[in-house]
Amino acid sequence: MFVFNRIPTLTGLALVLGLASCATPQQRCIAGASADVRTLQSQIETAEANIARGYALHRQSIPITNTRVCYDAKKRPYTCHRTAYRQIETPVTIDIGNEKAKLASLKAKLGQAQRKAAAGIRACRQTYPE
């Protein structure tokens, strides 16, 4: 049973490594140079959505255990448990003023990160010409 629980994890790891190997060195370099910009853009989108809604969303995974009948190698039945996870979202009260201040700060950081990323991308293109 342990081996079967690890298969999706190992498959996922293999898939990620396989996809990473498909990118050229320049593409990997550019992705690394622009990572901060993508993170800030995501945070800005979240803050804007929170302000528009008037509240934030807290996301969490809730484990759900199911009991079922499994069979061993000799086809004998036994009770086994399988845990799955369900995502739930809960509204969370926010201070709109603080959220607007955070948004302004993120936007200021974004401009700085974009300039840094542009320099990094130029360096990637020089280091790894295609």
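Read the figures in this text as sums done on the coordinates, not as results from a lab. Fair warning: this is a prediction, and the values are worked out from it, not measured in the lab. A quick note on method: Cβ atoms are made from the backbone with ideal geometry, for glycine too, and the neighbour counts reach across all protein chains shown.
Calculated FRET efficiency, Glu48 and Thr24, Cβ-Cβ r, R0 30 Å, to nearest 0.05? Result of the calculation: an efficiency of 0.35. Placing +1 on the Cβ of every Lys and Arg and -1 on the Cβ of every Asp and Glu, with no other charges, gives segment 18-130 a dipole of roughly 420 debye about its Cα centre.
Put simply, when 83-96, 108-121 are sorted by average Cβ atoms within 10 angstrom per residue, most first, you get 108-121, 83-96. On the beta carbon distance between Ile94 and Gln60, with R0 = 25 Å, the FRET formula returns roughly 0.90.
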